[in-house]
Amino acid sequence: MNRSTTAVLALILAGILFLSINVFSANTFRSARLDMTQQGLYTLSAGSTRILAEIPEPIRLRFYFSEKLAIQLPNIKSYGLRIRELLEEYVNRSNGKIRLEIIDPEPFTQAEDDAVRLGLQAAPLATGDNLYFGLVATNTIDDRQVVPFFAREKEAFLEYDLTRMIFNLSDPKKPVVGLITGLDMNADASPMLRFSGGPQPWAIVAAIREIFKLRTLAPNQGVIPEDVDVLLIAHPLGLNDQALYAIDQFVMAGGRALVFVDPHSEVMARSQRRGQPGAELATSTLDKLLKAWGVSVATDHVIADYAAAQQVNAGQGASQRIVRYLVWLQLAGRNLNPDDVVTADLGPLILANAGTVRAVPETGMTVTPLISTGTQAMRIETDLIRFGPAPDRLLEIFKADGERHMIAARLTGTATSAFPDGPPKGDKPSEKKPPGKATPHLARSSKEIGVIVVADTDLLHDQFWLRKQNMMGQDVIIPISANADLVINALDNLAGSSDLIGLRSRGKSDRPFAVVEAMRLSAEQKFLAEERKLKEALEKSKGRIAELESRAQATAGSLLSPQQQADIRSIRTQVLKTRKQLRDVQHNLNRDIDGLEAKLKFANVGLMPLAVSVIAALVALFRLRRRRLRAAGI
């Protein structure tokens, strides 16, 4: 065999080896990846892995993706690849229990008809074609879970959505949540009314129904059905003693409860300001029960937190400016208990006019804070906000008390009944319990109770946790806070499930600049202090002018003496100087922040490329030097 033939064979063998290695690696290491993100956003979580390992029956996944049409939409195409890879990872971790089908529903085919029949939504393109981008999951008894269309805006929740689908199909029996509420949540609105434009349920109702079986309970029926696993009590109004006793005995017997009360519900107050009577409807309490269980939620004050306050528009016209509304809070990070599964790694929460949860030490109960303010907080009388927002007024009276105040807490321990003497007396015939098996009165809980109390109900309303966005002709709900996650986490935990809890907190890639926010907070506080001082000086100057003019009129008619005129001119000069100082303070409010922003831009835009260039130049010089040394035989 000559040298040329050997070279050709070597090239052929090299090509075959190259293709073999690529095919082998593509099949063997298809799911291998190196995830360098801090939260491991691209690594399947432990909760997902456990759920996949415990799937009792086969699950079929049909991923409908118009791949050919998506070529003209690079953003959709890349997201489709991301979802496909994640679904393949689910298959790899399911021990053969998940079967994945990739379907491209081309126009006028049976696949397109199936996609429409199964509930997928088509996104119309400019070309007139329909793009499908959804998922259908079914189990062996034809239970179905559907993602009508994958919105890129919800990528942060992708793993949770997929794992929840699989969990629901593998464990179709949903825990029962009994809802007692004074809020107009429209939880019982029929599908016909919803589709015909009738009253729409709050989005939190739909979120709960995805995981649980939600049942609305008549508040004063005096009995909790036996199949209820968790009570959800939201803004209770007008509960009589029979209803309170039923709730108390449910908890004493081992039932779990998630309680939302509110010293001042913004949602209810807004309805009243539109003309609905009854100021008392904005306030809810359950203290007769809560005090026996270890806590109290006062209704005479709400909590203000300067560091967590949201910014709102104040004033009108030319005087309009952005200020902090101290009782509308965005709480995250250090405000949430990192050691409790319900709040660990939870995203930011948005609350309005929240109250405080105070422990009642003499009960001996264990009260664990879940949500707390920072130390730049104070209690503000509810009456100051009862008739509408007044951000400037709250800023004027604000003075931090240096304490951390509980807004939500977990109650555990052996509790005493709020009705130590037994059932309430004097039942009316219409309020008597329905016939059934009589249950003995429990003066103490049969085991440790499980109750979570939150001193705010506004966090349940759509306004405070979601935005609706049109995505290719479809309305998509985009969460702006983790309020719904908090509710579902708490219900999951109280119902005994935990694998899904950690997933809801994953993927939230919001990484605020803590240093910038701290500087902004410090600058605003300095601004407010200087502004208040200058305004006081301004008012004193104006008062001095009015006093001089009044004295002159009293002593010499309408004429002013030369000395008085000089004093007034001097004071007016001081007024102009003070106003200029006030404008300078307002102008320089963000000076330090702008300086830091410029430094960050330079570090990212200029310094990093410069550093890479310097390193590349040094490497090139090093290699050049080595070549010269080799050429010189050194």
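Values quoted throughout were computed directly from the atomic coordinates according to the rules given, and no laboratory measurement underlies them. Please read these numbers as outputs of a predicted model, since none were measured by experiment. So basically every Cβ, Gly included, is an ideal-geometry build from the backbone, and we count neighbours across all protein chains shown.
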**Asked** What nm distance separates the two modelled labels at residue 156 and residue 111, each placed 7 Å from Cα along Cα→Cβ?
**Response** 3.4 nm
**Request:** At most 13 other Cβ atoms within 10 Å and a DSSP loop assignment: could you name the trypsin sites (Lys or Arg not before Pro) in the stretch 63-142 that fit?
**Result:** none
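Full-extension gain between residue 17 and residue 300, please, as 0.36 nm times their residue separation minus the C-alpha to C-alpha distance. Write down the numbers at each step before the final one.
Details: separation 283, 0.36 × 283 = 101.88 nm, distance 7.84 nm.
Stretched fully, the residue 17-residue 300 segment lengthens by 94.0 nm.
Explain nothing, just the number: relative contact order of the stretch 309-382, from Cα pairs under 8 Å at least 6 residues apart, as a whole percent.
Details: 82 pairs, mean separation 19.1, N = 74.
Relative contact order for the stretch 309-382 comes out at 26 percent.
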**Fill in**
With bins of 10 Å, the percent of all Cα-Cα pairs of the stretch 91-136 per bin from 0 is 25, 44, 22, 9, 0
**Item:** Under the Karplus curve 6.51 cos²θ - 1.76 cosθ + 1.60, θ = phi - 60°, whole-Hz ³J(HN,Hα) for the stretch 568-578, x wherever Gly or Pro sits
**Value:** 5, 4, 5, 5, 5, 4, 5, 4, 4, 5, 5
**Request:** Let me know the shape class of the stretch 109-159, please: from the alpha-carbon gyration tensor, a ≥ b ≥ c as square roots of the eigenvalues, rounded when a/c is under 1.5, otherwise prolate if a/b is greater than b/c, or oblate.
**Result:** oblate
**Message:** Could you sort the peptides 213-226, 615-628 by per-residue average Cβ neighbour count (10 Å cutoff), highest mean leading?
**Reply:** 213-226, 615-628
**Request:** Taking the dipole about the Cα centre of the stretch 22-165, with the C-beta of Lys and Arg at +1 and of Asp and Glu at -1, give me whichever of 44, 126, 145 is farthest to the positive side.
**Result:** 44
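For the stretch 373-419, which trypsin sites (Lys or Arg not before Pro) pass both filters: DSSP loop (anything but H, G, I, E, B) and at most 16 other C-beta atoms within 10 Å? Before the final figure, lay out each step's value.
Details: sites: 379, 386, 393, 399, 404, 410; in loops: 386, 399, 404.
Those satisfying the criteria are 386, 399, 404.
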**Fill in**
quick note, the stretch 22-165, DSSP beta bridge pairs, % antiparallel (nearest 5) is 70 percent
**Message:** Per residue of the stretch 112-120, what does 6.51 cos²θ - 1.76 cosθ + 1.60 with θ = phi - 60° give for ³J(HN,Hα)? Whole Hz please, x for Gly and Pro, Karplus curve as stated.
**Reply:** 5, 4, 5, 4, 5, 5, 7, x, 7
**Request:** About the Cα centre of the stretch 22-165, how large is the charge dipole given +1 on each Lys and Arg Cβ and -1 on each Asp and Glu Cβ? Please answer in debye to the nearest 20.
**Result:** 340 debye
**Prompt:** Summing +1 for each Lys or Arg and -1 for each Asp or Glu, what net charge is found among the other residues whose Cβ lies under 14 Å from the Cβ of residue 446?
**Reply:** +1
**Item:** the stretch 137-154 - phi-based ³J(HN,Hα) in whole Hz, Karplus 6.51/-1.76/1.60, Gly and Pro as x
**Value:** 10, 9, 10, 6, 9, 6, 5, 10, 10, 10, 9, x, 7, 7, 8, 4, 5, 9
